[in-house]
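Visitor: Sending over a structure as structure tokens; questions will come in a sec.
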Number of protein chains: 4
Amino acid sequence: MGHTMIKAGIIGATGYAGAELVRILLLHPEVETLFVSSVSFEGRNLADIYPNFCCLFHGKTDGMLLTADQVTERADVVFTALPHGIAEQYADFCVKTGKKLIDLSADFRFGLDEATFKTWYKKDWQFPAVHRESVYGLPEMNRDQIRTARVIGNPGCYVTSATLALLPALKADILDTDTIIVDSKSGVSGSGRKPTEANSFCECGESFSVYGVGSHRHQPEIARNCSIASGRNVGIVFTPHLVPQSRGIVSTVYARFTAGYIQKLAGGDSGADMSVPVRELYRNWYKDEPFVRVLPEGLQPTSRNVRFSNYCDIQVYVVNGGKMLEVVSTLDNMIKGASGQAVQNMNLMYGFPETEGLEFIPPAF
Amino acid sequence: MGHTMIKAGIIGATGYAGAELVRILLLHPEVETLFVSSVSFEGRNLADIYPNFCCLFHGKTDGMLLTADQVTERADVVFTALPHGIAEQYADFCVKTGKKLIDLSADFRFGLDEATFKTWYKKDWQFPAVHRESVYGLPEMNRDQIRTARVIGNPGCYVTSATLALLPALKADILDTDTIIVDSKSGVSGSGRKPTEANSFCECGESFSVYGVGSHRHQPEIARNCSIASGRNVGIVFTPHLVPQSRGIVSTVYARFTAGYIQKLAGGDSGADMSVPVRELYRNWYKDEPFVRVLPEGLQPTSRNVRFSNYCDIQVYVVNGGKMLEVVSTLDNMIKGASGQAVQNMNLMYGFPETEGLEFIPPAF
Amino acid sequence: MGHTMIKAGIIGATGYAGAELVRILLLHPEVETLFVSSVSFEGRNLADIYPNFCCLFHGKTDGMLLTADQVTERADVVFTALPHGIAEQYADFCVKTGKKLIDLSADFRFGLDEATFKTWYKKDWQFPAVHRESVYGLPEMNRDQIRTARVIGNPGCYVTSATLALLPALKADILDTDTIIVDSKSGVSGSGRKPTEANSFCECGESFSVYGVGSHRHQPEIARNCSIASGRNVGIVFTPHLVPQSRGIVSTVYARFTAGYIQKLAGGDSGADMSVPVRELYRNWYKDEPFVRVLPEGLQPTSRNVRFSNYCDIQVYVVNGGKMLEVVSTLDNMIKGASGQAVQNMNLMYGFPETEGLEFIPPAF
Amino acid sequence: MGHTMIKAGIIGATGYAGAELVRILLLHPEVETLFVSSVSFEGRNLADIYPNFCCLFHGKTDGMLLTADQVTERADVVFTALPHGIAEQYADFCVKTGKKLIDLSADFRFGLDEATFKTWYKKDWQFPAVHRESVYGLPEMNRDQIRTARVIGNPGCYVTSATLALLPALKADILDTDTIIVDSKSGVSGSGRKPTEANSFCECGESFSVYGVGSHRHQPEIARNCSIASGRNVGIVFTPHLVPQSRGIVSTVYARFTAGYIQKLAGGDSGADMSVPVRELYRNWYKDEPFVRVLPEGLQPTSRNVRFSNYCDIQVYVVNGGKMLEVVSTLDNMIKGASGQAVQNMNLMYGFPETEGLEFIPPAF
């Protein structure tokens, strides 16, 4: 091939999102070198922390965990998978030195709205200017801006599932946006690698629980996306739950149709399935999207069917006698909900085929 | 003790609800003899089918699986844990011979409303008269009628969790009953013992899925309970999901407050937590209930905390800026959602202490 | 009843073994009062740490976590569920004040053999005299001594499963004791409540692993028991593994028969199942044991069948053409492997029926 | 590329091994077309049975399930993933028409030893001649013969893990081959897709059990491999267990060293770790194997670290004071234990790079 391959760096490579980035980039055909860093494990080898990688670095890295500065200096594109509020400085450096940065924290998810970030994340911006360079990295919303961006704010996992579930209906302006209910369920990997009582096997195995009612930080991000999509202020009631499985998010979304759309649906063939026209609207909206599958009638979203892949599956129902839309979406929280989407953004930023290195087929079981 | 102990019979003892009944009744201090039957395994021993019972019959049964007729003839109280539409004949026999019957199927869950039963279960009633003897066996709604009933229709598992989550608010008339959303999640035991692809380990392990949107048979039963409680026709949007765990149901319920109640909440102390008065209302409503625990502020319902017990845990939130009630309830689908509740009904029917034989403390892990 | 009920205390009530002791003793008919202590959570309420106990103290405790000294002063019998090397001081106090102590750590598992304890646990004894009062609390080995003991060393979980699997054969002197292989598998609760990477859901879910080959501290305890039982020095190769489930241990034990017994088996009916006489030997040995079930031919031990109970299930096979014994045993590591056995010891020490408060029937699923 | 890509066919594409073959071959760079058949679902689309494949056929197949005959006629290489005793006829056809066949059943696992096959599988050979064309497809044993074979008998999953654990030691002739103990643990997918009580979620979740003691059909296959490797008759005691996880096998293998080797080990540096020379022997033996990782000291085999990959991880211990070898090996039963190994064989047969299409990196969680 005539073009040059790239050097990628991961700051925070020993967290779960970081480890998934390593796994994806090791097999990515356009990445020739990988630099990895970790504050917790600096100087050690990544294969000691994650023995699954043992012997599998494919010559792209020796696995040595460098400092963050070493990574930003050597890489062309830097992925930051860090606690919220730390990526800004690396973004500033990358912008100044002509590199690209894709951040998996919340730092660049709110555009220029520092106030909302501050309210929910309790931190000020240190480098306000760099936010003007940033684009929200949901390809299904912002593909064109992503292509030319220098800094990407990669979306939250719940947020991706909820936004993709609502986007076509909001764009078609068929929803009452006063109150939309997002009831989400996530696997345990969403809580990260750090061991806590909440993610210990005996505490979350064989158990389903609710958490963060009214206080989860993905609520303002979902609301922001929906408001941008609809052009109106959208009220979101968001409830996350914890499922005893490692991976996967399912979001069940309930929204009332506009009066006009209720009437339109009611005017259709009596006896016809009112889900059909809405599913058609979704299918049409996503018809060119490589990673969204609007399921045919009769198939129910199942997190297993997208596990270990970058796909998001969506099913559409009309319920409550034609008054409400119910959408169920599912994705792998660590791939389409985090690291896969980050690589999808990298592909767009570099003009690589959007699906390059991401065509994992979800295993059946 | 001066009183006589009773003889209990279980028709359908080899299904999951039947096996749980056996386990509970073997240790129930008022049951002296247990008769068990099974169509599938007639003539075999229950301990062959369920080796957990091996050597543990405590002299109440020899474990031999009899015919249904043998059970009805010998027992004082008969539990039927059968596919829908079969219990009627045994109920008829029990009523005529002065015995009591507690049915765990849907046959007696709709009072005298044969039409709804027929619409959802596709069967006619064969013994219409016997339904006049039946009482819906949710003690928190119908305790007094249960005490004198001869036939009990034991509630559905999802239904119990949803009804207990809504009862105080409906009775207090603070909800807009046009549309109430019940988003429920159940462990796999809810699908019964018969092996299917849907309940095989590799198909449902590490996976969360939705099913039965708009078509689950517990929807009309929830709607019926809510309508009775509120005195108005309540619209229910019910969505069940499958969780990769054996036991437990969590229902997350969303309802809009009446305009009047929204105003009342808004008129309270600004800055105060609007959940407090509603939680107080729930706490008050359930203050004498032995098996409902309204959780203190800050505790999130977790199915693990009620597993293997007859308790239902409930937490109450006010969301959407004071416009909506969100209630999360959890119970063990096989105990409070089936066999434990059936024994609670038996206790009431015989004047035993309501908690007799049911004070299992949920294990912490 | 004419006799006085007892006051029980638990030091270390917020660990997993402690929490199981609380659960069992709350329903034990001979315990009228329960005192609980915790170093980590002193001054807080047990129901805050374990919400499963919420409202279920049955008047035996208010749940307040006291100091260890308060517990030893107020209780008649003290259970210590602490890290190794701490219980001695409480045992000394109890012996001096005429109380009884049951220790769930390893402190009293080695009789007067301080050297072995020191080699494996890296600690000296501080109160050597108190060890002369102690008895190893495996009722199937030491029932009579337990009845009159003042201090009990409650056996390890793996150790109980391995010892019960070997006891009848060792007593019958049919095994070559040079090398016995104990291949054990344990659920995650065995690692305790403290969150670590090893017990986090995403690290141990959907994964089976080996650990502690040749270095696990239960090895010398198994060897000691076997040597005592056989009167000879027994060589044990012990390998523990971690299973993705909360509870349960399965031990698969392999031992070569003595030359004499091989000959004896070979001399039986050709064509007959050589497992029969050995199973009969086991059945006979355990025929009066309330908590050991030697399974009938054809039933395979399954940890589910003893879960949440105090039973140990055992199956016996003759393999390798009549040259080897293979025994598989299973128990709930937290009950028969820890807290249930401790209460069984308490029952013996107080002359209560041995099964009092321990007749939990394992649920079928 | 100058060479021609191949057409692959899968007979039995809707079983678990078949579905994994589909997943692997859809992304295999040398496979241009895929034909799939299924007796159970003929005429339907594979994506209906396995919705994970929805939209992901990459132009290699339309997913239509053909007849077996259609597949054998159209494909260059045929994979048979069928019940035992059916593949022979397709092998015969392939040999006669110059095609290649890779069978995942036991039909071709015993070379020309029909008697052993018949004893364990209760079937006669219908096409004895075709067995002369077959090679046992364990690349680590038979790489050169596989390259030129026309029919491959793909090894059993347990067998692969046990054979790889023993091969270097048997070849080095350091083991007493009278009795080798293979204690294996497998995830539930090993029991196949057909729903049974044994593989239902509530029966095998949260439970560990033993099965098939002395009667599992992989025993003679392990014995055969070991006997071939050592040149002597090897006695195998094989015990399989069921683990509550979908994928993964761990085999813990125990063997006594020869007297000579015990002496040799004893003669080394006193105080030195006797595992070192044996681990070195293993490391050396496997140094050029692309899919076997002999772990460095201190790393314990964990099925998670090889999940969804074609790697087999092995760790070596010397136990029992230098008298015994203990080896623990782990692999994904559906990949290196079935479909991945089948594709590895295909690569060898066609002269493709052996790792082509198989370099999946196991995810960390």
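Read-outs throughout are calculated quantities, based only on the coordinates presented, and are distinct from any laboratory measurement. Note that the structure is a prediction, hence the values are computed from the model and not measured. Cβ: placed from backbone, ideal geometry, glycine included. Neighbour counts: every protein chain shown.
Visitor: Any idea how far apart A:ASP48 and A:ASP69 come out in nm if each label point goes 7 Å out from Cα toward Cβ?
Guide: Taking the simple label geometry, A:ASP48 and A:ASP69 are separated by 2.2 nm.
Visitor: Let me ask something additional. For the protein assembly as shown, give the share of DSSP beta bridges that are antiparallel, in percent and rounded to the nearest 5; count only bridges with both residues there. The partial results should precede the final answer.
Guide: Details: 114 of 242 bridges.
Rounded to the nearest five, the antiparallel share is 45 percent.
Visitor: Quick one: of the DSSP bridges fully inside region C:1-92, what percent are antiparallel, nearest 5? Don't jump to the answer; show the numbers that get you there.
Guide: On the way: 1 of 13 bridges.
The antiparallel proportion sits near 10 percent.
Visitor: Rounded, prolate or oblate, given the Cα gyration tensor of region D:1-104, with a/c below 1.5 counting as rounded? Before the final figure, lay out the partial values.
Guide: Details: a/c = 1.83, a/b = 1.10, b/c = 1.66.
Oblate.
Visitor: Taking beta carbons within 10 Å but only from partner chains, what does the mean come to for residues B:181-189?
Guide: Working: counts 9, 0, 8, 0, 8, 1, 8, 5, 7.
Mean partner shielding for this stretch: 5.
Visitor: Also: Beyond 34 Å, what percent of the Cα pairs of chain D remain? Intermediate results must be reported in sequence, preceding the final value.
Guide: Numbers: 16995 of 66430 pairs.
Cα-Cα pairs in chain D separated by more than 34 Å: 26 percent.
Visitor: Shifting gears a bit: So for C:HIS216, C:HIS28, fewest C-beta neighbours within 10 Å to most, what's the order? Can you show the working numbers first?
Guide: Values: C:HIS216 18, C:HIS28 22.
Fewest-to-most ranking of C:HIS216, C:HIS28: C:HIS216, C:HIS28.
Visitor: Right, here's the next one. Convex hull over the Cα atoms of region A:26-172, averaged projected area in nm²? Before the final figure, lay out each step's value.
Guide: Values: hull surface 41.3 nm².
The directionally averaged projection comes out at 10.3 nm².
Visitor: Of B:LYS7/B:LYS100; A:LYS171/A:LYS264; D:LYS171/D:LYS264; D:LYS171/D:LYS287; C:LYS185/D:LYS185; B:LYS123/B:LYS185, which pairs sit farther than 19 Å apart, going by alpha carbon to alpha carbon? Walk me through the numbers before you get to the answer.
Guide: Values: B:LYS7/B:LYS100 11 Å; A:LYS171/A:LYS264 17 Å; D:LYS171/D:LYS264 17 Å; D:LYS171/D:LYS287 15 Å; C:LYS185/D:LYS185 10 Å; B:LYS123/B:LYS185 27 Å.
In this structure, B:LYS123/B:LYS185 lie more than 19 Å apart at Cα.
Visitor: Here's another thing I want to ask about it. For A:TYR158, C:TYR282, what's the fewest-to-most ordering of other Cβ within 10 Å of each Cβ?
Guide: Listed from fewest to most nearby Cβ atoms, that is C:TYR282, A:TYR158.
Visitor: Using alpha carbons only, how many angstrom separate the centre of region D:285-310 from the centre of region B:131-204?
Guide: 50 Å
Visitor: If you stretched the chain out fully between B:GLN145 and B:HIS84, how much longer would it get, using 0.36 nm times the residue separation minus the C-alpha to C-alpha distance? Walk me through the numbers on the way to the answer.
Guide: Numbers: separation 61, 0.36 × 61 = 21.96 nm, distance 2.33 nm.
Once the chain is fully extended between B:GLN145 and B:HIS84, it gains 19.6 nm.
Visitor: With chain B rotated onto chain A, spot the residue of B whose Cβ lies nearest the axis and note the distance in whole Å.
Guide: Residue with the nearest Cβ, plus whole-Å distance, for chain B: B:ASP183, 2.
Visitor: For region A:11-113, which GluC sites (Glu not before Pro) pass both filters: DSSP loop (anything but H, G, I, E, B) and at most 15 other C-beta atoms within 10 Å? Let's see the in-between values first.
Guide: Details: sites: A:GLU20, A:GLU30, A:GLU32, A:GLU42, A:GLU73, A:GLU88; in loops: A:GLU30, A:GLU42.
Counting only loop positions with at most 15 other Cβ atoms within 10 Å, the GluC sites (Glu not before Pro) in region A:11-113 are A:GLU42.
Visitor: How many percent of DSSP beta bridges within chain D run antiparallel, rounded to 5? Can you show the working numbers first?
Guide: Values: 27 of 59 bridges.
Here the share of antiparallel DSSP bridges comes out near 45 percent.
Visitor: If R0 is 30 Å, what FRET efficiency do you get for D:THR97 and D:LEU27 from their C-beta distance, rounded to 0.05? Write out the running numbers ahead of the final one.
Guide: On the way: r = 28 Å, r/R0 = 0.92.
In this case the efficiency is close to 0.60.
Visitor: Related question: State whether the protein assembly as shown is rounded, prolate or oblate according to the following rule on the C-alpha gyration tensor (a ≥ b ≥ c being the square roots of its eigenvalues): a/c under 1.5 gives rounded; otherwise a/b larger than b/c gives prolate, and the remaining case gives oblate.
Guide: Details: a/c = 1.36, a/b = 1.02, b/c = 1.33.
Judged from the Cα gyration tensor, the protein assembly as shown comes out rounded (a/c under 1.5).
Visitor: Moving to a separate point now. Measuring label to label, 7 Å along Cα→Cβ, what does C:GLY43 give against each other copy in nm, shortest first?
Guide: Here the equivalent label points are 3.8, 7.0, 7.6 nm apart from this one.
Visitor: A follow-up question, please. Along its three principal axes, how long is region B:238-365 when you only count alpha carbons? Whole Å, largest extent first please.
Guide: 47, 37, 27
Visitor: Please state the relative contact order of chain C as a whole percent: Cα pairs under 8 Å, 6+ residues apart? Before the final figure, lay out each step's value.
Guide: Details: 765 pairs, mean separation 60.5, N = 365.
Relative contact order for chain C comes out at 17 percent.
Visitor: From the helices alone, meaning DSSP H stretches of at least four residues, give me the mean residue ellipticity at 222 nm for the protein assembly as shown, per-run term -39500 (n - 2.57), in deg cm²/dmol to the nearest 500. If you can, show how the numbers build up before the last one.
Guide: On the way: 50 runs with 460 residues, N = 1460.
One gets -9000 deg cm²/dmol as the mean residue ellipticity at 222 nm.
Visitor: Continuing with the same structure: Taking a label point 7 Å out from Cα toward Cβ, give me the nm distances from A:SER227 to the same spot in the other copies, shortest first, one decimal.
Guide: Sorted ascending, the copy-to-copy spacings read 4.0, 7.4, 7.7 nm.
Visitor: In nm to one decimal, list the spacings between the A:GLY98 label point and its equivalents in the other copies, with label points set 7 Å along Cα to Cβ, shortest first.
Guide: Values, ascending and in nm: 5.8, 9.1, 10.0.
Visitor: To the nearest 0.05, what FRET efficiency results for A:GLU356 and D:GLN126 with a Förster distance of 56 Å applied to their C-beta separation?
Guide: With R0 = 56 Å, the Cβ-Cβ based efficiency is 0.70.
Visitor: Can you work out the Karplus-derived ³J(HN,Hα) for every residue in region B:163-169? Use 6.51 cos²θ - 1.76 cosθ + 1.60 with θ = phi - 60°, whole Hz, and x for glycine or proline.
Guide: For region B:163-169, the Karplus curve yields 5, 5, 6, 10, 3, x, 5 Hz.
Visitor: Continuing with the same structure: Once label points are set 7 Å from the Cα along Cα→Cβ at both C:HIS58 and A:SER270, what is their separation, rounded to one decimal in nm?
Guide: According to this spin-label approximation, the distance is 6.2 nm.
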